[in-house]
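Note sheet for the following structure.
The values are calculated or read from the model by the stated rules, or taken from the named source; none is laboratory data. These numbers were taken from a predicted model, which means no experiment stands behind them. All Cβ positions, even for glycine, are placed from backbone atoms using ideal geometry, and neighbour counts span all protein chains on display.
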Amino acid sequence: MLEIYEILIITIVFFLTIAVIFLFIKKPKLPIYLMFFFMPFLFLRLEYQTYQLSVADLIGLLGFLAWSIHFLWQFLNKQTSFKALIFPSWPWYFLFILFCGLSILNSFDQGISLEYFLRNIVFSYLIYLFYPINIIKTKQSFFKIINLIFISTSLAAFLSIFYFQKEIAGVIPRITPKEILGIAPLGYNHNPVAESMLVGAFFSFLLFLKEKKNPNKQKIVLLFTLLQLLILILTFSRSAWLALILGVFVYILLEYRKYLKKIILISLIITLILSPLIYLMLKLSTSSIASASDQKRLFFIEKSLELFNYHPIIGSGIGTFKEEILHNRFYIMEFGESGTNEAHGVIWKLLGETGILGVLAYFSVLFVLGLQLLKAKTKSLTFLENHLFSLLLSLLISLTFFQLFQTNYFNQKMWLPISLMFLAVLLFKSNFKKIRT
């Protein structure tokens, strides 16, 4: 039986939720703006038993509920129709949902698989893709989101300065998040910080280009963009370094390939300047820490291939990899139960859990989006429009590459930026005015 104080808390939470929903109905763009602002703070979250919900996810969930109520009301009053809805990545993401759903049939624990399917696969589409794209429909709103990403990632970069530690396990100095006042909004290791800085740097540079008519603001944007890049470098995340290099390389090929010789010379100079940090990265990569991490990755790959061999077409069940690992006594003896027990790389997770069909469907979503961004670049575009699509395509490739080595794939830092990519394509394919400086 509930205590009086528990009833009081539940009542307060209930009425607060109703109030927030009514606020979001009245101001439908507000939850979208808040979601993007809290995007870097994945670990600023609410927890109840084994359930976790980031602040961005909670805002998105309440916003989606408010939008659904408002849409249903308009539909019943014949003020709108289902034809007005936009379904991004049709039919590719729907095929991905289908194959993930089919994989549940092979799961050793269908309850776990169904929970993961709804919380990650379906939730990511509805809250990160479908919802923002059906709300944001103007260039002003689009760039307001870019500004909010710049502010939030700059704030995250500033906070990361206090995470700098002189020595990690006797190897190198590094940005490593830790709890402050009992919370760790940027996470508990270097990779979440690196991912936030990777996303932030691309959008911040886009804002830098947009502000070319405002030199003072442009200098401030450049300063924080450089800070974000510095924080990314000081995380000494191998995958983030490679993802950044790959993204910058793609951007140069798209926009500055005729200056390739000069850029190669500049790159050599930058490499020389950064040579002390490159030496530290090499030192880390050959350390016992990196060796243990690599051994763990190899074990996970072997496990993924083992699961794939059992069910190569539709996999062994979405969301079961972690449980398979925790039930493996050889793994527990070798590595223990602490740390990340999820597949290191989205391709290995999906290969074992959803089979070849799930892998193909997932990468079809990203590949088709990449083609759409590339095709959106035409000669009629302005300077900013051209660089917008080049930067978005470069970021898409960077994030896709980064997720090949990470353990958290269906989150706000991956899929909210992707929603902006879909939105940018829609802005140019529809009757909306083109984005101008």
| field | Cβ-Cβ under 7 Å pairs, at least 6 apart or on other chains, segment 251-268 side surrounded by 12 or more Cβ atoms within 10 Å (Cβ to Cβ), far side modelled with pLDDT of 90 or more and not in a helix (DSSP H, G or I) | value | Ile263/Tyr256
| task | Kindly indicate which of Leu53, Leu23, Leu34 is of a type outside the set (Lys, Arg), out of contact with any Cys (no Cβ under 7 Å at 6 or more places or on another chain) and closer than 14 Å to Tyr131 by Cα. | result | Leu34
| message | If I ask for residues that are within 22 Å of Arg174 (Cα to Cα) and assigned to a helix (DSSP H, G or I), which ones from segment 247-282 would you list? | response | Ile270, Thr271, Leu272, Ile273, Ser275, Pro276, Leu277, Ile278, Tyr279, Leu280, Met281, Leu282
| said: Need pairs with beta-carbon distance below 8 Å; first residue closer than 10 Å to Gly319 by Cα and touching a residue at least 12 places away in the same chain (Cβ under 8 Å) and within segment 100-122, second surrounded by fewer than 21 Cβ atoms within 10 Å (Cβ to Cβ) and acidic (Asp, Glu); sequence gap 6+ or separate chains. | reply: Asp109/Glu323; Ile112/Glu323
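Each row is one residue, and each column tells you yes or no for (1) under 17 Å from Phe410 (Cβ atoms); (2) out of contact with any Pro (no Cβ under 8 Å at 6 or more places or on another chain); (3) of a type outside the set (Ser, Thr, Tyr); (4) free of Cβ contacts under 8 Å to residues at least 60 places away in the same chain.
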position	(1), (2), (3), (4)
Lys283	no, yes, yes, no
Ser293	no, yes, no, yes
Lys296	no, yes, yes, yes
Pro312	no, yes, yes, yes
Phe367	no, yes, yes, yes
| message | Going by what's in this entry, would Ile32 be described as in contact with a Phe, Trp or Tyr (Cβ under 9 Å, 6 or more places away or on another chain), in contact (Cβ under 8 Å) with a residue 40 or more places away in the chain and more than 25 Å from Val425 (Cα to Cα)? | response | no
| Scanning for something in contact with a strand residue (DSSP E or B) (Cβ under 7 Å, 6 or more places away or on another chain) and of a type outside the set (Asp, Glu), does segment 261-283 turn up at least one residue? | yes
| Out of all the residues in segment 211-226, is one or more touching a residue at least 60 places away in the same chain (Cβ under 8 Å), more than 17 Å from His387 (Cα to Cα) and part of a helix (DSSP H, G or I)? | yes
| said: Can you pull out every residue in segment 158-196 that is modelled with pLDDT under 80 and among the basic types (Lys, Arg)? | reply: Lys166, Lys178
| task | State whether the residues of segment 231-242 include one that is in a helix (DSSP H, G or I), at pLDDT 95 or above and closer than 26 Å to Glu385 by Cα. | result | no
| field | Residues of segment 76-105 satisfying the condition of being modelled with pLDDT of 95 or more and more than 24 Å from Ala424 (Cβ to Cβ) | value | Leu98, Phe99, Cys100, Gly101, Leu102, Ser103, Ile104, Leu105
| segment 305-331, residues that are part of a helix (DSSP H, G or I) and out of contact with any Lys or Arg (no Cβ under 7 Å at 6 or more places or on another chain) | Leu305, Glu306, Leu307, Phe308, Asn309, Tyr310, Lys322, Glu323, Leu326, Arg329, Phe330, Tyr331
| said: Considering only segment 19-36, I want to know if a residue exists there that is among the small types (Gly, Ala, Ser), exposed (fewer than 13 other Cβ atoms within 10 Å of the Cβ) and out of contact with any strand residue (DSSP E or B) (no Cβ under 8 Å at 6 or more places or on another chain). | reply: yes
| note | Only one of (1) surrounded by 19 or more Cβ atoms within 10 Å (Cβ to Cβ); (2) among the small types (Gly, Ala, Ser); (3) more than 21 Å from the chain's Cα centre (by Cα) does not apply to Ser390, and that is (3)
| request: Working carefully through the options Leu427, Leu350, find the one that is farther than 22 Å from Leu253 by Cβ and free of Cβ contacts under 8 Å to residues at least 60 places away in the same chain. | output: Leu350
| task | Say whether the condition of being part of a helix (DSSP H, G or I), within 17 Å of Ser113 (Cα to Cα) and touching a residue at least 60 places away in the same chain (Cβ under 8 Å) is met by at least one residue in segment 332-346. | result | yes
| query | Filter segment 280-312 for residues that are modelled with pLDDT of 90 or more and aromatic (Phe, Trp, Tyr); which is surrounded by the most Cβ atoms within 10 Å (Cβ to Cβ)? | reply | Phe308
| remark: Conditions (1) among the β-branched types (Val, Ile, Thr); (2) in a loop (DSSP other than H, G, I, E, B); (3) closer than 16 Å to Lys413 by Cβ -> Ile136 fails only (3)
| message | Just to be sure I understand the filter: pairs with C-beta atoms under 8 Å, separated by 6 or more residues or on different chains, first member in segment 70-83 and farther than 23 Å from Val20 by Cα and among the hydroxyl-bearing types (Ser, Thr, Tyr), second member assigned to a helix (DSSP H, G or I) and modelled with pLDDT of 90 or more. Which pairs pass? | response | Thr80/Phe71; Thr80/Gln74; Ser81/Phe75
| remark: Every listed condition ((1) under 21 Å from the mean Cα position of the chain (by Cα); (2) more than 26 Å from Ala243 (Cα to Cα)) holds for Leu186 save (2)
